[in-house]
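First comes the structure, then the notes that go with it.
The values are calculated or read from the model by the stated rules, or taken from the named source; none is laboratory data. Since the model is a prediction, treat every value here as computed from it, not as a measurement. Virtual Cβ from ideal backbone geometry, glycine too; neighbours counted across all protein chains shown.
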Amino acid sequence: MLAIYITEVLQPVVDAADNVLLYYFCRSRDKNRNTALTIMRGILHQRIDLHPRLAGDIKNSEGTETTEYTVSSFVSLWRVFLTLLQRSTSSRVLGASDTEISHDVERYIFAKVAELAPEQTLFEEMVAQVQETLLAGADGTFLWVGFVANELQGRSWSKIDEGLHHVPKGLDGIYQRLLQQIGDEEALVPMLQWVVLAARPLILEELTVAARIKTAGTLLATQVTKNRLRFGGLVVKVEGDAVNLVHESAKEFFQSDQVNIKGINMFHMSQDTHKTLMQTFLAHVERGYGNPGRIHEMSGHDPFLSYASQY
C-alpha cells in the first residue's frame with residue numbers, strides 16, 4: 001500500500017521533468033520474486049517498455065553471449081543496466097536519511113488528513129489537532145499512520161476527537177486494538193493460523209481445505225472462507241485468490257508475547273500451533289501418497305496436497 005502510494009506521488013513529478021521512474025515490488029513471502037535476478041529483470045523490462053529502441057542497444061552489448069544466457073545471469077543484466085545508465089541523459093543517486101523519511105511521513109500524514117477533512121468539513125484547528133496527534137505517534141512509520149487514518153475515516157468529529165485521545169502506541173498497539181475489535185474469534189482463528197504461519201500466501205481453495213471449512217447451504221466452501229476472513233478487518237487482506245497479512249510485521253506480532261495477553265490470547269501462535277498445523281500437513285501427505293496415482297492427479301481432489309508436499 002505504502003510503496004504504491006510513493007510511486008503515485010513520484011510519477012507526476014518525474015513525468016513533469018521528462019525523467020523515468022523505475023521500481024520493483026518485492027513480496028516478503030514469495031522467494032521467487034525477491035532474487036537479484038528477478039529484480040533486475042523487472043527494472044530492465046520497464047526501461048525497455050518505455051523506450052523500445054533500447055532493446056537494440058542491449059542486443060549489441062551482449063557480445064558473444066546468447067540472449068538466453070544474458071537474461072538468466074545477474075552479472076550480465078547488471079552490466080546491461082550500467083550501460084543504460086551511462087546512456088541516460090541524466091542520473092543521480094537518491095539517499096535516504098532519517099530527516100528525509102520524517103519529512104515524507106509528514107507529507108503522508110497531511111495527505112491522509114486532507115482525505116478526512118471533506119468528509120466532516122473539519123475546521124482548521126481540527127485539522128491541526130489530527131495532524132499533531134499523527135505526527136506525535138508516527139515515529140517514522142507510514143503503516144501506523146495508515147492504520148490510524150483508516151480508523152478515523154467515516155466518523156463524526158466527536159468520534160474522531162475521542163479516537164485521538166486513545167490512539168495506540170506503535171504497530172503492536174494497533175494490532176492489539178484490531179484483534180480486540182474482531183467479533184467472531186472462533187471462526188477466524190483456524191484460518192488465521194495458516195495465514196500467519198504458511199511458508200507462502202495460500203490461495204482461498206488451499207486455505208479452505210487446510211482450515212477444514214465446509215459448505216453452508218448454497219454457499220461454496222471458498223465463499224464461506226472469504227466471508228469469515230472479513231472478520232479479520234484490516235489485519236488480513238485477499239488479493240485475487242491469495243490470502244495474506246496486511247504487513248510482514250503482523251507475522252512477527254502473532255508469534256510474540258504482545259498477543260499472549262487477556263482478551264486476545266486465542267490469536268497467539270505458539271509451538272502447539274505449529275504442531276497442530278504439522279499434523280494437518282502429514283495427514284494430507286499420507287492420504288495423497290497412500291492412494292494409487294500420480295501426485296498431480298491427487299492434487300485435483302485435494303487442493304492442499306501440493307502445498308503440503310512442497311513445504
Practice task
Could you run through the stretch 1-32 and say how many residues are at pLDDT 80 or above and in a helix (DSSP H, G or I)?
Solution key: 11
Handout entry: Selection status of ILE43, surrounded by 15 or more Cβ atoms within 10 Å (Cβ to Cβ), of a type in the set (A, V, I, L, M, F, W, C), at pLDDT 75 or above and not assigned by TED's automatic domain parsing to the domain that holds ALA250
Key = yes
Practice task
Within the stretch 46-73, work out how many residues are out of contact with any Lys or Arg (no Cβ under 8 Å at 6 or more places or on another chain), at negative phi and at pLDDT below 80.
Solution key: 17
Handout entry: So ASP98, is it under 27 Å from the mean Cα position of the chain (by Cα), at pLDDT 85 or above and acidic (Asp, Glu)
Key = no
Practice task
Find the residue count for the stretch 247-276, including only residues that are out of contact with any Asp or Glu (no Cβ under 7 Å at 6 or more places or on another chain), touching a residue at least 24 places away in the same chain (Cβ under 8 Å) and assigned to a loop (DSSP other than H, G, I, E, B).
Solution key: 8
Exercise for the section: Go through the residues of the stretch 204-218 one by one and say whether even a single one is aliphatic (A, V, I, L, M) and surrounded by fewer than 17 Cβ atoms within 10 Å (Cβ to Cβ). Expected result: yes
Practice task
Collect the residues in the stretch 239-260 that are β-branched (Val, Ile, Thr) and modelled with pLDDT under 90, keeping them in residue-number order.
Solution key: VAL246
Completion exercise
Residues of the stretch 173-216 being part of a loop (DSSP other than H, G, I, E, B) and either under 20 Å from the mean Cα position of the chain (by Cα) or of a type outside the set (A, V, I, L, M, F, W, C) (or both), in sequence order, are GLN181, GLY183, ASP184, ALA198, ALA199, ARG200, PRO201, ARG212, LYS214, THR215
Exercise for the section: Among the candidates VAL113, VAL105, VAL145, single out the residue that is at pLDDT below 90, under 28 Å from VAL14 (Cα atoms) and in contact with a Phe, Trp or Tyr (Cβ under 7 Å, 6 or more places away or on another chain). Expected result: VAL105
